Structures are given as C-alpha cells and as structure tokens.
Amino acid sequence: MSEALDALVRWEDAGGTWQVLDRRPGRVTVALCRCDAGEVVERLCSEAADVSAHLGDRERSDDAP
C-alpha cells in the first residue's frame, strides 16, 4: 500500500470525506474534507496506481463504489 493510499484510508476511517478535484492520466488530486461541514482540510496529490484503483470512477466519497 502506498503512503498516499494509507493516508486516504486513514482519512476515511476517521470519518472524513473526499472529493476528486483533478484526474489526469497517471495522477489524481483529491480534496480531503471535514465530515461535518465539508470544509477542505488538505489536498492529496498522488501518482500511485493503488490510489486511482481505490477511487475507481467515483468523484466523491459518498458515491457508490
């Protein structure tokens, strides 16, 4: 598991939400948001294939996998 995927999974496990901001071949940028008001706390940029695989076609964490 890449460091970026580990951070994303920990964020989800803690109740945080996320939204894909930019998706390009080989790179994705994800906004990590607070679970209460959706405020962006951090941006995660990754070229790791396992992050893209985890996100799949979803644009937001609340989209059906």
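Data table
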{"quantity": "Debye, to nearest 20: dipole size of the chain, +1 on Lys, Arg Cβ, -1 on Asp, Glu Cβ", "calculated": "200 debye"}
{"quantity": "Which labelled figure in [x] 63, 7, 5; [y] 21, 14, 9; [z] 17, 12, 11 is semi-axes √(5λ) of the Cα gyration tensor in Å, once derived from the coordinates", "calculated": "[z]"}
{"quantity": "Selection from ALA7, VAL51, VAL20 lying farthest towards where the dipole of segment 3-55 points positive, charges on Cβ", "calculated": "VAL20"}
{"quantity": "Distance between modelled label sites at ALA53 and SER2, nm, 7 Å Cα→Cβ extension", "calculated": "1.1 nm"}
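All of the numbers you see were taken from the coordinates with simple rules; none came from a lab. Keep in mind that this is a model prediction, so the values were computed, not measured. Note that each Cβ is placed from the backbone with ideal geometry, even for glycine, and that neighbours are counted across all protein chains shown.
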